[in-house]
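Every number here is computed from the coordinates shown, using simple stated rules; none is lab data. Here the structure is a predicted model, which means the values were calculated and not measured. Glycine also receives a Cβ, built like all others from the backbone with ideal geometry; neighbour counts cover every protein chain displayed.
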Amino acid sequence: MRTPNEILLAVKQAGGRVEPASDKLRVLLPADCLPELKAAIRQHKAEILDLFEAQSANLPPDCAPWLHVAKQVLAGEFDGADKSTVESLTIGLRGIRHRICREALARLPINPQKPAAG
């Protein structure tokens, strides 16, 4: 699996460009570009967009994955998460100064569920 940075580097090395265009990517690739690179761009579109968003907000590249996680929180993908998960999310999100991360923190439950005994 490639990281968004590795994908963008591969695009540049192939002589292409990737740019954000609202919630889409503008991709310019040479005709002889490998199909695997095109597939990687499609597969990691959300993470690449988050990387561009982090760059535009002057966040370090390692914060970009947290923007993706914050969007997952806002979409309800962590509803019903156990206390440990919520605490981990809180620790990760509170260190990132971005509107989406603050909104996600506000959405996390204050008293998360305890893990089921098993």
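Observations
- Close lysine pairs were tallied over the chain: pairs 8 or more places apart or on different chains with Cα atoms under 18 Å apart number 7.
- Equivalent ellipsoid semi-axes, region 59-118, via Cα gyration tensor eigenvalues times 5, rooted, Å: 22, 11, 10
- In order along region 77-92, phi translates into HN-Hα couplings of 5, 10, 4, x, 5, 6, 4, 4, 5, 4, 5, 5, 4, 4, 4, x Hz, rounded to whole numbers, per the Karplus curve 6.51 cos²θ - 1.76 cosθ + 1.60 with θ = phi - 60° and x for Gly and Pro.
- The charge dipole of the chain, taken about its Cα centre with unit charges on the Cβ atoms of Lys, Arg (+1), Asp and Glu (-1) only, comes to about 200 debye.
- Between the listed residues 98, 64, 84, the Cα displaced farthest toward the positive end of the dipole of region 59-118, a dipole computed from Cβ unit charges relative to the Cα centre, is found at 98.
- Whole-Hz couplings from phi, Karplus 6.51/-1.76/1.60, listed for region 16-23; x for Gly and Pro: x, 9, 10, 9, x, 9, 6, 9
- Computed packing ranks the peptides 49-60, 72-83 as 49-60, 72-83, most packed first, by mean other Cβ atoms within 10 Å.
- Ratio of Rg to Rh for the chain: 1.08 [Cα atoms; Kirkwood radius as inverse mean 1/r over pairs].
- For region 1-56, the equivalent ellipsoid built from the Cα gyration tensor has semi-axes of 17, 12, 10 Å, listed from largest to smallest.
- Here the dipole of region 1-70 is about 240 debye; that uses its Cα centre as origin and unit charges on the Cβ of Lys and Arg (positive) and Asp and Glu (negative).
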